[in-house]
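The values are calculated or read from the model by the stated rules, or taken from the named source; none is laboratory data. Being a predicted model, the structure only gives us computed values, none of them experimental. For neighbour counting, all protein chains shown are included, and Cβ atoms are generated from backbone atoms with ideal geometry for every residue, glycine included. The protein model used for the area step is the full one, side chains on, heavy atoms only, and it has no ligands, DNA or RNA in it. Shrake-Rupley method; radii C 1.70, N 1.55, O 1.52, S 1.80 Å.
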Amino acid sequence: MVALGRLVNKDIRKGLEMKKIGFIGLGIMGKPMAMNLLKAGYSLTVYDIVPDKVKEVVEAGAEAASSNKEVAQKSELVITMLPNSPDVKEAVLGNNGVLEGAKVGTILIDMSSIAPLASKEVAERAKEKGVVMLDAPVSGGEPKAVEGTLAIMAGGPQETFDQVEGILDIMGASVTRVGEIGSGNMTKLANQIIVALNIAAMSEAMVLATKSGVDPERVFEAIRGGLAGSAVLDAKMPLVLKGNFKPGFRIELHIKDLANALDTAHEVGVPVPLSSAVMEVMQALKVDGKGSDDHGGIIQFYEKLAQVQVRQ
Ligand code: NAD
C-alpha cells in the first residue's frame, strides 16, 4: 500500500514514455524491485542465471528471456541487480551479454553494489556500443525494496539521470545523483563502511551491557532516542533480541563490499583502520559457518568472545 500510494502521489513524468524495461538478477533485491516496476505498469523482460528466480515475476506478468542478450534486444532500458563486479562484467560484457543485444541509445542502469572502477570500465565498454550507463546502487535492504522506499545513489550523465529519474522513483524513496559514473558506487562504499561499523559498535556495546547484567532490550529502549540512536540500531536490534539472523543482507555480501572499500581506499591512498578491523570480524564469522547469516549476526562474534547471548 505504501508503494502504491507513493506512485499515485509521485511525479513519474520522466521515463513514462520509456515503457520497455529489462531486468537482470531477480535475487533478494531484484525480485521486489522488478515487481514494483510491473505494478507501476511497465512491461518487463527478465533473466536470471537461476531459472527458478524469475518464476514469481513471470507469474506477475513479466516475460522471461533466455539470456541477458535477449533482455537487451527487447528493452529500451536495462537494469541489472547482481552480486558483484565480475557478475556485472559477465552479464553485460560477456558472451550472450547485454551489449550483444543492445541497440544504440539503450540505457543501462547497474543497481548492484560493485567496485567504482568496475562501473567505469563497464560504462566505457558500453559507450563504444552507443549505450549510456548509470551506476545506481541502493541502500535499505529487502523490506525497503518491497516497499519501493530504497535510498538510491546514482552516478553518470545528468541528462541520462533526468530521463530515468521517474523510474528510479518507483523503487526508491530518495533518488540522488551524486556525480559522474562510479560515484554512485563510491557513495555506496561509504554507506557500507558506516553500516558495518555501526553494527559492530552496537554488538560490542550490547554484549557488554548483557554480560554486566543489564537487560539489552531496556538498553535499546533507553538509548534509541538519544545520540546513539540510528537507523541501524532500530533495524537490527529487534532481530538480534529474537536471535533472528535470517538474511536480509548476508555477511558474505558485506565482506564483498568491505573488500571493494579497502581496495578502493588503498588505491586512492586512504588508510581505513576501523573498516579493516570489522572486515576481520566478518571473516571470522564466515570461517565459523555464518557467512550466509544477516549482517546483524555480527553480534555472534562478540557473543562468542564474551560467552554470553544478547536475547529477550
Ligand atoms: P542475490 O544473490 O540474492 O541476487 C543476485 C541474483 O543475480 C541471483 O538471483 C543470481 O542468480 C543472479 N545472477 C548472478 N549472476 C548473473 C548473471 N551473470 N546473469 C543473470 N543473473 C545473474 O543478491 P541481492 O541480495 O539481491 O543483492 C544484489 C546486489 O544488491 C548486491 O550487489 C548487494 O550487495 C546489493 N544490495 C543488497 C542488499 C540486501 O539487503 N540484500 C541491500 C542493498 C544492496
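Structure remark: mean-square fluctuation, Gaussian network model of the chain, C-alpha springs under 10 Å; the largest value among Glu252, Glu63, Glu221 belongs to Glu221. Between His266 and Lys304, residue separation times 0.36 nm minus the direct Cα-Cα distance comes to 10.6 nm.
Rolling a 1.4 angstrom probe over the protein heavy atoms, how many square angstrom per residue are accessible across segment 187-306? Could the numbers behind the result be given before it?
Numbers: 5770 Å² over 120 residues.
Heavy-atom accessible area per residue stands at 48 Å².
For segment 95-235, the antiparallel share of DSSP beta bridges with both residues in that region comes to about 25%.
Can you tell me the equivalent ellipsoid semi-axes for the chain? Use √(5λ) from the Cα gyration tensor, largest first, whole Å. Working shown, then result.
Details: eigenvalues 255, 88, 62 Å².
Sorted largest first and rounded, they come to 36, 21, 18 Å.
A probe of 1.4 angstrom, applied to the heavy atoms of all protein chains, finds Val104 with accessible area near 130 square angstrom. When we measure straight from the Cα of Lys290, which lysines land under 27 angstrom away, once same-chain ones fewer than 8 places off are left out? Answer for Lys290, where 27 Å is the Cα cut-off: Lys31, Lys53, Lys144, Lys188, Lys211, Lys236, Lys242, Lys246, Lys256, Lys304, listed by chain and number. For segment 4-181, give the share of DSSP beta bridges that are antiparallel, in percent and rounded to the nearest 5; count only bridges with both residues there. Given both bridge residues lie in segment 4-181, the antiparallel proportion sits at roughly 10 percent. For the pair segment 105-143 and segment 179-200, the centres of their Cα atoms are 16 angstrom apart.
Against the main long axis of the alpha-carbon atoms of the chain, helix 116-128 sits at an angle near 0°. Taking 0.36 nm per residue of separation and subtracting the Cα-Cα distance, full extension of the segment from Leu274 to Lys286 would add 2.5 nm.
In plain terms, the chain from Ala60 to Lys103 could stretch by 12.8 nm, reckoned as 0.36 nm per residue minus the Cα-Cα distance. When the charge dipole of the chain is built from unit charges on Cβ atoms (+1 for Lys and Arg, -1 for Asp and Glu) and taken about the Cα centre, the candidate among Gly184, Val50, Ser275 whose Cα reaches farthest toward its positive end is Val50. The solvent-accessible area of Arg125, taken with every protein chain present and a 1.4 Å probe, is close to 100 Å². Annotation: the antiparallel percentage among DSSP beta bridges lying fully within the chain is about 15. Amide H to amide H distances under 5 Å link Phe23 with Thr45, Val46, Tyr47, Ile79, where only residues 5 or more positions off or on other chains count and H is placed in the peptide plane.
Distance between the 7 Å Cα→Cβ label points at Arg311 and Lys39: 3.4 nm.
Placing unit charges on C-beta atoms (Lys and Arg positive, Asp and Glu negative, everything else neutral), compute the dipole magnitude of the chain about its Cα centre in debye, rounded to 20.
Values: 33 positive and 38 negative charges, 89 e Å.
Result for the chain is approximately 420 debye, rounded to the nearest 20.
Compared with the dominant Cα axis of the chain, that is its longest principal axis, helix 30-39 is turned about 50°. When the chain is treated as a GNM with alpha-carbon contacts under 10 Å, the residue of Val58, Val78, Val178 showing the greatest mean-square fluctuation is Val58.
Highest mobility in the GNM of the chain, judged by mean-square fluctuation with C-alpha springs under 10 Å and restricted to Pro83, Pro273, Pro216, is found for Pro273. When a 1.4 Å probe is rolled over the protein heavy atoms, the share of accessible surface on the chain that falls to carbon and sulfur comes to 57 percent. Annotation: Ser43 carries an accessible surface of approximately 60 Å², with a 1.4 Å probe and no ligand, DNA or RNA atoms counted.
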